[in-house]
Ligand code: URA
């Protein structure tokens, strides 16, 4: 699929998310003047990062990972010499849950269908789920449910998955926000990121 077609399909995903009145998070979005956060980056990227859900800054700007966790993600990307514009960054849940509470199963199921479409559009070679919600969703989606372990064991491991477009890798990592007050998790996350260099 050429880049233009991918961008068109991604616009359709965006338009549907903007009008997603059926979402349990829609009323909260409107009441708070928030925006849905579709994702950002190269629709033809090899590397796709999947977080949990937008926080306050993201919902105000409509951009993923643009607050404190985003600053760490930017540092991680630059530590391995990748430009943020060359990867694709999104979340499972596309609207901010009230007070950043954990997403519900219903929200993950609803917004997961949009993430599935984004994966089909981008056809990445490597998917990096950030944190346990994204890891559980992505590993279950790619029939790796029986290999799911706590993120403290799974982080930095490469799991092979076969999809209709080709063999891909799934490399779960700690969520950048989890490292804000934990220096050693932060060091681990930077080390895990180094393993992505071979995919650039
Ligand atoms: N945390 C996430 O999981 N996603 C964002 O976009 C920002 C913070």
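Read-outs: derived from the displayed coordinates by stated rules, not from any lab. Keep in mind the model is a prediction, meaning the values are calculated, not measured. A quick note on method: Cβ atoms are made from the backbone with ideal geometry, for glycine too, and the neighbour counts reach across all protein chains shown.
Sorting 88-98, 119-129, 139-149 by their mean Cβ neighbour count within 10 Å, with the most densely packed peptide first, gives 88-98, 119-129, 139-149. Highest GNM mean-square fluctuation among 65, 190, 165, for the chain modelled with Cα contacts below 10 Å: 165. Zone of residue 144 (label point 7 Å along Cα→Cβ, backbone N under 19 Å): which residues in the stretch 106-127? What the label zone holds, given the 19 Å backbone N cut-off, is 112-113, 115-127.
Taking the square roots of 5 times each eigenvalue of the Cα gyration tensor of the chain, largest first, gives ellipsoid semi-axes of 24, 20, 17 Å. Between residue 11 and residue 180, the FRET efficiency from the beta-carbon distance, with R0 = 30 Å, is close to 0.35. In terms of other Cβ atoms within 10 Å, 163, 87, 13, 50 run from fewest to most in the order 163, 13, 87, 50. Taking all Cα pairs closer than 8 Å and separated by 6 or more residues, the relative contact order of the chain comes to 22 percent.
For the stretch 64-173, the square roots of the Cα gyration tensor eigenvalues, ordered a ≥ b ≥ c, give a/c below 1.5, which places it in the rounded category.
The coefficient of translational diffusion for the stretch 1-88, derived via Stokes-Einstein from the alpha carbon Kirkwood radius under 25 °C and 0.890 mPa s, stands at 173 µm²/s.
Could you tell me the distance between the Cα centroids of the stretch 1-17 and the stretch 100-122, to the nearest Å? The stretch 1-17 and the stretch 100-122 have Cα centres spaced 17 Å from each other.
Overall dimensions of the stretch 120-172, expressed as equivalent-ellipsoid semi-axes from the Cα gyration tensor (√(5λ), whole Å, largest first), are 18, 11, 10. Adding -39500 (n - 2.57) for every DSSP H run of four residues or longer, then dividing by how many residues the chain holds, sets the calculated 222 nm ellipticity at -12500 deg cm²/dmol.
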